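Read the structure below first, then the notes.
The values are calculated or read from the model by the stated rules, or taken from the named source; none is laboratory data. Computed from a predicted structure; not experimentally measured. Counting neighbours? That spans all protein chains shown, and the Cβs are built from the backbone with ideal geometry, glycine included.
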Amino acid sequence: MSTNAPQPDRALTPTAIDALTMDTTPWLSCEDCFERMDIYVEALARDGSHDDAAMAAHLRGCPACAEEADSLVDLVTGSGT
Amino acid sequence: MSTTNRDEPLPLGLSPSRGQEAPVGDREPDDWVTALATPGAAQHDAMRRLHALMVRAAAHQVWRMRASLPEPSRDAVNDLANQAADEAMTALLGKLHTFQGRSRFTTWAFKFAILQAATEVRRLQWQHRELELRDLDVAAPVHDGPEHAAEAQDLGTALARAMRSVLTPHQRRVAVALLVDGVPIDVLAERLGSTRGALYKTVHDVRVRLRAELVATGHLTAVTPPSNSAGTS
């Protein structure tokens, strides 16, 4: 891993601004997201309007967990296999 | 960041390796936990069935992310899926006692394979890439179009100022790596000897601090988004 000197040609893109200022409350950890993911995904598969504010906030703010939840939805609903 | 391919289904050939398929024509266990935890023929059968399920889920995940793989051939996907399934099965069996039956067992099992496979794809994607852990070096933002240029410039400048004033150097470096440079959280965690959870906590704290500062300076309004507005991606 390097700790290079600053490279002044870089800039904040709108995507980076959105990612940095995103509201990810209420707080939920990645560990708790994983714990709930199967229950959340089955609830979503039954009812697309299922509401879990903490899960939704976490999945907005954590692309890795979001990809895995999305994949699980695909697998459970059969849309991706 | 990893690239997903959600539009193309998993080819039929990508599935458990020969000899690992679940038995056809008889039922899966009614009580997976008991079947997997009780020595005997039923346990052997349950293990075989579970492994087939794990390979299926891992292959599903690797296939979604195959564009990120250095070598996205069918054989490579299959090998990676089988390897991830093995590791995920070990993780699952270590947590078997925690299954509470609040979802189907298969859904609960799939998430272990998906996590393992996705983490492994991201690791392979970055294995030969040097990861730069840099501090903020931004003076002004770039923007998509003229209609939002002034607003973005103003918010971006205020954001860069806030990052320097309310974040610690560690918080800035983690935020820049994950949210500006797009380093996958698992990859950064591995390189730093940390965990996904610990880094996400840092990112969450960063966002809370930055939002509070930008609200205080009038660049953001303190609005909580609707609680049911988000899906899974």
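Residues that are of a type in the set (Asp, Glu) and closer than 21 Å to B:Phe99 by Cα within the range A:16-59 comprise A:Glu31, A:Asp32, A:Glu35, A:Asp38, A:Glu42, A:Asp52, listed in sequence order.
Listed by first and then second residue, the pairs linking a residue in the range B:193-210 that is of a type in the set (Asp, Glu) to a residue that is outside any loop (DSSP other than H, G, I, E, B) and surrounded by 16 or more Cβ atoms within 10 Å (Cβ to Cβ), with Cβ atoms under 8 Å apart and 6 or more places separating them unless they lie on different chains, are B:Asp205/B:Gln171. Close Cβ contacts (under 8 Å, 6 or more residues apart or on different chains) running from residues in the range B:117-138 that are under 30 Å from B:Thr157 (Cα atoms) to residues that are in a loop (DSSP other than H, G, I, E, B) and among the β-branched types (Val, Ile, Thr) comprise B:Leu131/B:Val183; B:Glu132/A:Thr3; B:Leu133/A:Thr3; B:Arg134/A:Thr3. Of all residues in the range A:52-66, exactly one satisfies the criterion of being within 7 Å of another protein chain (Cβ to nearest Cβ) and in a loop (DSSP other than H, G, I, E, B), namely A:Cys62. Residues that are more than 22 Å from the chain's Cα centre (by Cα) and surrounded by 21 or more Cβ atoms within 10 Å (Cβ to Cβ) within the range B:168-210 comprise just one, B:Leu210. When the range A:50-81 is filtered for residues that are at pLDDT 95 or above and among the small types (Gly, Ala, Ser), the ones remaining, listed by number, are A:Ala53, A:Ala54, A:Ala56, A:Ala57, A:Gly61, A:Ala64, A:Ala66, A:Ala69, A:Ser71.
Checking each residue in the range B:105-134 for being in a loop (DSSP other than H, G, I, E, B) and more than 7 Å from every other protein chain (Cβ to nearest Cβ) picks out B:Gln127, B:His128, B:Arg129. Would a scan of the range A:28-41 turn up a residue that is under 15 Å from B:Arg207 (Cβ atoms), within 7 Å of chain B (Cβ to nearest Cβ), modelled with pLDDT of 95 or more and assigned to a helix (DSSP H, G or I)? Scanning the range A:28-41, I find at least one residue that is under 15 Å from B:Arg207 (Cβ atoms), within 7 Å of chain B (Cβ to nearest Cβ), modelled with pLDDT of 95 or more and assigned to a helix (DSSP H, G or I), so the answer is yes. Scanning the range B:88-104 for residues that are buried (at least 19 other Cβ atoms within 10 Å of the Cβ) and in a helix (DSSP H, G or I) gives B:Ala88, B:Met89, B:Leu92.
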